[in-house]
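Chemist: My questions will all concern the structure given below.
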Amino acid sequence: MNAKPSYLGAFLKHPTNRMALLASGVAAIFASIPLGWTGLALVGVVALGTEVLAALAIPSLPSFRAWVDREQHHQARAQRRSQLVSEVSSYGDSNALATYQHMFNRVQALYQTAGDSRTTLTRQDVEKLEDLTVDYLGLCVVSLSLKQRKDHASEEVVVKRIASIQAQLQNPALPEDEMRQLRSALAEYAEVMKRSRRLAVRRSALEATLMSMPDKMEEVYQLVITSPYSSEMGSKLEESLARLRIAEEVAAEFEDPESFAFDAPDSVMASEARPSRAQAMQRASSRSTTSR
């Protein structure tokens, strides 16, 4: 989450405030011509007093705070868009970028429509759509990452290792310590397979969302363009946005994309070859107790 913005800092950096300070400086210079240092000091005191009063009042105004929040949101969205576009480009998926660009162009056209005073479409409505285009890029990155990890994974290897462990467990002469480690490894492999199947289902839902989002965005665009002055625009647009917000629900399913991999078995195989740290500490403690 973005840190709360500094409203006082935003006021001091606002172009209007800077222009007022510049105008005060010019006025002070002109006042110093006939009045000397007295005129310069007089204008400076008035300008400083006005600046202090404005700094105390303006940053607390709800309208000014709303403007600062919007500006921060726009900057964060632009930064995230740039990062996601770079990531999608690194995967070499030109189709996803082309689809995003088409959606982005539709949003820009809707901004122009929202500028018409006769339409009920507002810039806030269009900004929600622009946020969803950035969400689309985020889902593309998740999908490409999962696909890449899936391509490098080998379910057959995991199945063979499970069969190998099960065969070793059939040996009645197996020491209890090794049997415990093999059972632990078998449980880890089973969890890997279960997690893989779960994420495979979620990935299917993600791919379906990625295919439907551009079409739903096109439906919103056609709705606005065909009836820009409709009095029911607000309710229809909200219904369309509700269908598009499924992207947020799908993205929540992938909070831990690193779990979609068969990397865990490699570490498990290592644990088969050596005791765990907890087991080693337990044995060390036992030896220490025996020595006493």
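The values are calculated or read from the model by the stated rules, or taken from the named source; none is laboratory data. Being a predicted model, the structure only gives us computed values, none of them experimental. Counting neighbours? That spans all protein chains shown, and the Cβs are built from the backbone with ideal geometry, glycine included.
Chemist: Pick from Tyr91, Tyr111, Tyr136: which is of a type outside the set (Lys, Arg), out of contact with any Asp or Glu (no Cβ under 8 Å at 6 or more places or on another chain), under 30 Å from Tyr189 (Cβ atoms) and at pLDDT below 90?
Modeler: Result of the check over Tyr91, Tyr111, Tyr136: Tyr91.
Chemist: For the stretch 11-56, give me each residue that is of a type in the set (Phe, Trp, Tyr) and more than 43 Å from the chain's Cα centre (by Cα). Step through it out loud before you land on a result.
Modeler: Residues of the stretch 11-56 of a type in the set (Phe, Trp, Tyr): 11, 30, 37.
Hits for the stretch 11-56 are Phe30, Trp37.
Chemist: Still on this structure: Please find, among Ser164, Ser212, Ser196, Ser184, the residue that is among the hydroxyl-bearing types (Ser, Thr, Tyr) and at pLDDT below 80. Before you say what the answer is, go through the steps one by one.
Modeler: Working: Ser164 fails: at pLDDT below 80; Ser212 fails: at pLDDT below 80; Ser184 fails: at pLDDT below 80.
Being among the hydroxyl-bearing types (Ser, Thr, Tyr) and at pLDDT below 80 holds for just one of Ser164, Ser212, Ser196, Ser184, which is Ser196.
Chemist: Is the stretch 218-241 home to any residue that is of a type outside the set (Gly, Ala, Ser), closer than 19 Å to Cys140 by Cα and modelled with pLDDT of 75 or more?
Modeler: yes
Chemist: Go through the stretch 63-87 and report how many residues are under 18 Å from Met103 (Cβ atoms) and of a type in the set (Asp, Glu).
Modeler: 1
Chemist: To continue, here is another question. Would you pick out the residues in the stretch 1-54 that are among the hydrophobic types (A, V, I, L, M, F, W, C), in contact with a helix residue (DSSP H, G or I) (Cβ under 6 Å, 6 or more places away or on another chain) and either within 18 Å of Trp67 (Cα to Cα) or not in a helix (DSSP H, G or I) (or both)?
Modeler: The first filter runs over the stretch 1-54 and keeps only residues among the hydrophobic types (A, V, I, L, M, F, W, C), leaving 1, 3, 8, 10-12, 19-23, 26-31, 33, 35, 37, 40-43, 45-48, 52-54.
Pick out the ones that are also in contact with a helix residue (DSSP H, G or I) (Cβ under 6 Å, 6 or more places away or on another chain) and you get 8, 10-11, 27-28, 31, 40, 43, 47.
Answer for the stretch 1-54, where residues must be among the hydrophobic types (A, V, I, L, M, F, W, C), in contact with a helix residue (DSSP H, G or I) (Cβ under 6 Å, 6 or more places away or on another chain) and either within 18 Å of Trp67 (Cα to Cα) or not in a helix (DSSP H, G or I) (or both): Leu8, Ala10, Phe11.
Chemist: Determine if the stretch 99-119 includes at least one residue that is in a helix (DSSP H, G or I) and farther than 30 Å from Trp67 by Cβ.
Modeler: Yes, that holds for at least one residue.
Chemist: Also, I was wondering about something else. So Asp177 ticks every box in (1) surrounded by fewer than 18 Cβ atoms within 10 Å (Cβ to Cβ); (2) modelled with pLDDT under 80 but one. Which box is left unticked?
Modeler: The one condition Asp177 does not meet is (2).
Chemist: Out of contact with any His (no Cβ under 9 Å at 6 or more places or on another chain) and buried (at least 16 other Cβ atoms within 10 Å of the Cβ), is that true of Leu210? Walk me through how you get there before you give the answer.
Modeler: On the way: out of contact with any His (no Cβ under 9 Å at 6 or more places or on another chain): yes; buried (at least 16 other Cβ atoms within 10 Å of the Cβ): yes.
Against the criterion (out of contact with any His (no Cβ under 9 Å at 6 or more places or on another chain) and buried (at least 16 other Cβ atoms within 10 Å of the Cβ)), Leu210 qualifies.
Chemist: Just give me the residues in the stretch 177-212 being under 22 Å from the mean Cα position of the chain (by Cα) and among the small types (Gly, Ala, Ser), in sequence order.
Modeler: The answer is Ala200, Ser204, Ala205, Ala208, Ser212.
Chemist: Still on this structure, please answer the following. When you scan the stretch 169-184, do you find a residue that is among the small types (Gly, Ala, Ser), touching a residue at least 24 places away in the same chain (Cβ under 8 Å) and under 30 Å from Gln101 (Cα atoms), even just one?
Modeler: No, because not a single residue in the stretch 169-184 is among the small types (Gly, Ala, Ser), touching a residue at least 24 places away in the same chain (Cβ under 8 Å) and under 30 Å from Gln101 (Cα atoms).
Chemist: Restricting to the stretch 55-65, and then to whatever is in a helix (DSSP H, G or I) and hydrophobic (A, V, I, L, M, F, W, C), can you tell me which residue is nearest to Ala28 (Cα to Cα)?
Modeler: Checking each candidate, the answer is Ala55.
Chemist: Is it the case that Val85 is closer than 30 Å to Gly138 by Cα, among the β-branched types (Val, Ile, Thr) and in contact with a helix residue (DSSP H, G or I) (Cβ under 9 Å, 6 or more places away or on another chain)?
Modeler: Considered against the rule, which asks whether it is closer than 30 Å to Gly138 by Cα, among the β-branched types (Val, Ile, Thr) and in contact with a helix residue (DSSP H, G or I) (Cβ under 9 Å, 6 or more places away or on another chain), Val85 comes out as yes.
Chemist: What are the pairs with Cβ atoms under 9 angstrom where one residue, in the stretch 194-210, is in a helix (DSSP H, G or I) and the other, located anywhere, is basic (Lys, Arg) and surrounded by 18 or more Cβ atoms within 10 Å (Cβ to Cβ)? Sequence gap at least six, or different chains.
Modeler: Pairs that qualify, where the first residue is in a helix (DSSP H, G or I) and the partner is basic (Lys, Arg) and surrounded by 18 or more Cβ atoms within 10 Å (Cβ to Cβ): there are none.
Chemist: Next question. Filter the stretch 77-136 for residues that are buried (at least 16 other Cβ atoms within 10 Å of the Cβ) and aromatic (Phe, Trp, Tyr); which is nearest to Ser227 (Cα to Cα)?
Modeler: Phe104
Chemist: From the list Leu21, Leu35, Leu48, Leu61, which one is at pLDDT below 85 and surrounded by 11 or more Cβ atoms within 10 Å (Cβ to Cβ)?
Modeler: Values: Leu21 fails: at pLDDT below 85; Leu48 fails: at pLDDT below 85; Leu61 fails: at pLDDT below 85.
Only one candidate passes the filter, namely Leu35.
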